[in-house]
Structure formats: structure tokens, C-alpha cells
Amino acid sequence: FDFFCVWFILNIRKKIIFTGYFLFSILCLGFVYLNSLPAYIFLFIIYGLSSAMVFGNQNALVSDLSDSESRATILGIFQAIMGFATILSSIIAGYLFDISSEYTFIYGFIMALFSIALFILFNGKFRI
């Protein structure tokens, strides 16, 4: 029974993260092509949903995939990598925004699709 519960939780969590990445990619395309206040309100709602689906579940998935002895260290390394990636992506997005605001969201769309591809490629292939 325990194995089934762990398997069920991991699979649901992965599907939620995958859906969050997909919603974020749709959100980025929306900011490229839509140009009205109601659309922006809808897109910010989508952003809230995608953020809620991804951020907490990513941490929980990393925690679930790590050994109990090294869980805190692995979570710290994960957060450090996420922090570095956030700084780097913000610099890239700012540079692209100076060229055109649409480029920023196209970049976000491409990175979301890249994340989805990596998530599919490495799904179930490793345990930390």
C-alpha cells in the first residue's frame, strides 16, 4: 500500500508540474499576441495558476527524489541552482525586452517548451 501511495503522489505531482509548464508556455504566447486589458487580467490569472502548480511541487518532487540523509543538502543545492537560473534568466529577459517586449515572451515560451521536453526526457530516469 505504501508503494502505491508514493507512486500515486509522484505521478500526480509530475503531471501537475507538467501542466504548470504548459500553462506558462500558453501565457507567454498570450502576452505576445493578445493586447487588451481583459486578456491581461486573464493571463495574470493563468500566471498565478502556473506558479502555484510549479513552485511548490518542484520542491516537493526534489525532496521526494532525494535520500533522507542528504535531503536538506540537495534542497539547498536545488534552491541555489534555481536562484542562479533566475538571475541569469532575468538578465537575458531584460536584454531581450530592450530590443522588443515580444522577444521576452517568445524566450519564455521557448524555455517553457524546453523545460517540458527535459521533463519528459528525464521522467523517472534518476533518483538523487
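Condition first: outside any helix (DSSP H, G or I), more than 25 Å from ASN11 (Cβ to Cβ) and open to solvent by less than 90 Å² (accessible area, probe 1.4 Å). Can you find one or more residues in the range 23-46 that meet it? Checking the range 23-46: at least one residue is outside any helix (DSSP H, G or I), more than 25 Å from ASN11 (Cβ to Cβ) and open to solvent by less than 90 Å² (accessible area, probe 1.4 Å). Just the residues that are open to solvent by less than 80 Å² (accessible area, probe 1.4 Å) and out of contact with any Gly (no Cβ under 8 Å at 6 or more places or on another chain), please, taken from the range 53-70. Matches in the range 53-70: GLY56, GLN58, ASN59, ALA60, LEU61, VAL62, SER63, ASP64, LEU65, SER66, ASP67, SER70. For ILE92, the conditions (1) of a type outside the set (Lys, Arg); (2) modelled with pLDDT of 95 or more; (3) closer than 15 Å to PHE18 by Cβ all hold with the exception of (3).
Do the conditions hold for PHE84, that is, is it among the aromatic types (Phe, Trp, Tyr), modelled with pLDDT under 95, at negative phi and part of a helix (DSSP H, G or I)? So PHE84 fails the test. Candidates SER90, SER70: the one that is more than 19 Å from LYS14 (Cα to Cα) and touching a residue at least 40 places away in the same chain (Cβ under 8 Å) is SER70. Checking each residue in the range 71-91 for being surrounded by fewer than 14 Cβ atoms within 10 Å (Cβ to Cβ) and more than 16 Å from the chain's Cα centre (by Cα) picks out ALA72, THR73, GLY76, ILE91. Mind checking which residues of the range 92-128 are exposed (fewer than 13 other Cβ atoms within 10 Å of the Cβ) and under 16 Å from the mean Cα position of the chain (by Cα)? Residues satisfying the conditions are ILE110, PHE114, ALA117, LEU118, ILE120, LEU121, PHE122, ASN123.
Could you give me the residue pairs with C-beta distances under 8 Å whose first residue belongs to the range 40-64 and is within 13 Å of SER25 (Cα to Cα), whose second residue is open to solvent by less than 50 Å² (accessible area, probe 1.4 Å) and among the small types (Gly, Ala, Ser) wherever it lies, and which are 6+ apart or on separate chains? Taking only residues 6 or more apart or on different chains, the pairs are LEU43/GLY30; ILE46/GLY30; LEU49/GLY20; SER50/GLY20; SER51/GLY20; VAL54/GLY20. Here is a list: ILE9, ILE46. Which entry is modelled with pLDDT under 85 and not small (Gly, Ala, Ser)? Every option except ILE9 fails the conditions.
The values are calculated or read from the model by the stated rules, or taken from the named source; none is laboratory data. Source: prediction; values computed, not measured. Positions of Cβ are generated from backbone atoms using ideal geometry, with glycine treated the same way; all protein chains shown enter the neighbour counts. SASA here: full protein model, heavy atoms, side chains in, ligands and nucleic acids out. Shrake-Rupley method; radii C 1.70, N 1.55, O 1.52, S 1.80 Å.
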